[in-house]
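What follows is a short report on a single structure.
The values are calculated or read from the model by the stated rules, or taken from the named source; none is laboratory data. Predicted model only: the values in this text are computed from it and were never measured. Cβ sites come from the backbone with ideal geometry, for glycine too, and all protein chains shown count toward neighbours. Keep in mind that these areas ignore ligands, DNA and RNA; they rest on the heavy atoms of the full protein, side chains included. Shrake-Rupley method; radii C 1.70, N 1.55, O 1.52, S 1.80 Å.
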Amino acid sequence: MKAYQELSREELLDLKDELSRAFDIVKEKGLKLDMSRGKPSVAQLEMGMGLLDALDSKSCMKTAAGLDTRNYGLLDGIPEAKKLMAEIMQVNPENVIVCGNASLPIMYDTISRSMTHGVMGSTPWCKLEKVKFLCPAPGYDRHFAITQHFGIEMITIPMSPQGPDMDLVEKYVKEDASIKGIWCVPKYSNPQGYTYSDETVKRFAALKPAAEDFRIFWDNAYAVHDLYEDRSDSLLDILSECEKAGNPDMVYEFASTSKISFAGAGIAAIASSKANLDFIKKSMTIQTIGYDKINQLLHVNYFKDIQGVKAQMIKHAQILRPKFEAVLRVLEEELGGLGIGEWTKPNGGYFISFDAMEGCAKEIVARCKEAGVVLTGAGATFPYGKDPKDSNIRIAPSFPTPEEMAQATDLFVLCVKLVSVNKLLEQKEA
């Protein structure tokens, strides 16, 4: 079939009638499917149940150094857990603090600490007239929610398959001292699935910020989340690159096992320079006597090392890969060549990014919801929830079963077609 833009008004009207009838039939099925968040599926959660057997009442609860995980102490995490998280992030264990169950609270705390106590002796951000953050977009909605929550002004930076527009990043950071940070999901980015190129990572490391308290918030959430063993993406270690460039304190890196072991019951960590970690620990000694070391020991006993993590991730990929491939197959078969949508084809992560015709995303999401499929809200992948083109939609294939995924994708492409036809008819009328 030829591109929709090439169809006459009469052809579009005929197509609209056909698509409307198909939509009404789907509505009558009463679907109730959720593709709104990148949640692990039940099959993935069941796969990790062996984790709960890694400790019992007869287990040794001490670390290799003889420290009792049931008691107070070890503010920055047990050494074995620091080593495991360091291997996941490909950094040195001495640069790691292991915290609670997920990385989002660590990011929130890091922003909050900067607001109230500054960064390594700098003026607390709350006492400054203006604080700004760079936000590569489409991006992770919860990142944007944190900065908005604290009243930080967000500046959108366009994304490409190589990462954020570094010309813009370098210009903003060099010229404006009120810019204090940038959000990054450097590997299999949320939602596009892009991995930052070596050149992009090196340019980040070589930034010359006007603000001494500027920090890169490097959320390496999908560090080991490859879908394909034979074509996985690789990412340079930002900490070592910053050190080489003479900017050892410029980055905070975050990671967790939330999509490796159990979502909401994993372990999470922050990695940074010694100076940054020492400053963070000053507040941590007030905030907590120590995080859940028993959970840390549980994970160490189960995974052992990075090889155990990689073996688990291969099993995750075996569940996720068919879902991603099914979505991409339907998109290509149903929308390929029609000129009404483009989409990413990631090698890992949890999302597929879809760009509809300008001005169509909100309506597509609304139509899907009307017929029983919930998607992430249109605009959520941009600061303030405002997609200037109203075109980006995040597809999360992980949670539904393969059968549900097929139903949801069929409905999605139907809604894309119907909304696109209506948009083209509006344009012709105009």
Exercise. Where residues in the range 27-50 are touching a residue at least 12 places away in the same chain (Cβ under 8 Å) and over 30 Å from Asp141 (Cα atoms), which of them is surrounded by the most Cβ atoms within 10 Å (Cβ to Cβ)?
Worked result: Lys29
Problem set entry | Scope the range 64-90; condition in a loop (DSSP other than H, G, I, E, B) and either among the small types (Gly, Ala, Ser) or within 15 Å of Asp305 (Cβ to Cβ) (or both); matching residues | Ala64, Ala65, Gly66, Gly73, Gly77, Ile78, Gln90
Problem set entry | Hey, Thr257 surrounded by fewer than 24 Cβ atoms within 10 Å (Cβ to Cβ) and in contact (Cβ under 8 Å) with a residue 24 or more places away in the chain or not | no
For this session: From (1) open to solvent by 60 Å² or more (accessible area, probe 1.4 Å); (2) of a type outside the set (Gly, Ala, Ser); (3) in a loop (DSSP other than H, G, I, E, B), pick out the condition that doesn't hold for Tyr108.
Result: (3)
For this session: Select, from Ala275, Ala263, Ala268, the only residue that is within 26 Å of the chain's Cα centre (by Cα) and modelled with pLDDT of 95 or more.
Result: Ala268
Problem set entry | Any hit, the range 386-408, residues being modelled with pLDDT of 95 or more, in contact with a Lys or Arg (Cβ under 6 Å, 6 or more places away or on another chain), on the phi < 0 side of the Ramachandran plot and open to solvent by 30 Å² or more (accessible area, probe 1.4 Å) | no
For this session: With respect to Ser234, determine if the residue is polar (S, T, N, Q), under 30 Å from Asp53 (Cα atoms) and not in a helix (DSSP H, G or I).
Result: no
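The rows are residues; the columns are (1) assigned to a helix (DSSP H, G or I); (2) open to solvent by 50 Å² or more (accessible area, probe 1.4 Å); (3) not β-branched (Val, Ile, Thr).
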{"position": "Tyr196", "(1), (2), (3)": "no, no, yes"}
{"position": "Ala211", "(1), (2), (3)": "no, no, yes"}
{"position": "Ile216", "(1), (2), (3)": "no, no, no"}
{"position": "Phe279", "(1), (2), (3)": "yes, no, yes"}
For this session: Would you check if there is a residue in the range 81-90 being loosely packed, with under 14 Cβ neighbours inside 10 Å and in contact (Cβ under 8 Å) with a residue 24 or more places away in the chain?
Result: no
For this session: Could you grab me the full set of residues in the range 148-173 that are assigned to a helix (DSSP H, G or I), closer than 14 Å to Phe214 by Cβ and either hydroxyl-bearing (Ser, Thr, Tyr) or open to solvent by less than 60 Å² (accessible area, probe 1.4 Å) (or both)?
Result: Val169, Tyr172, Val173
Seminar exercise, completed: Scanning the range 316-360 residue by residue, the ones that are assigned to a helix (DSSP H, G or I), within 30 Å of Val224 (Cβ to Cβ), touching a residue at least 12 places away in the same chain (Cβ under 8 Å) and of a type in the set (D, E, K, R) total 2
Seminar exercise, completed: In the set Ala263, Ala269, the lone residue that is within 30 Å of Lys58 (Cβ to Cβ) and part of a loop (DSSP other than H, G, I, E, B) is Ala263
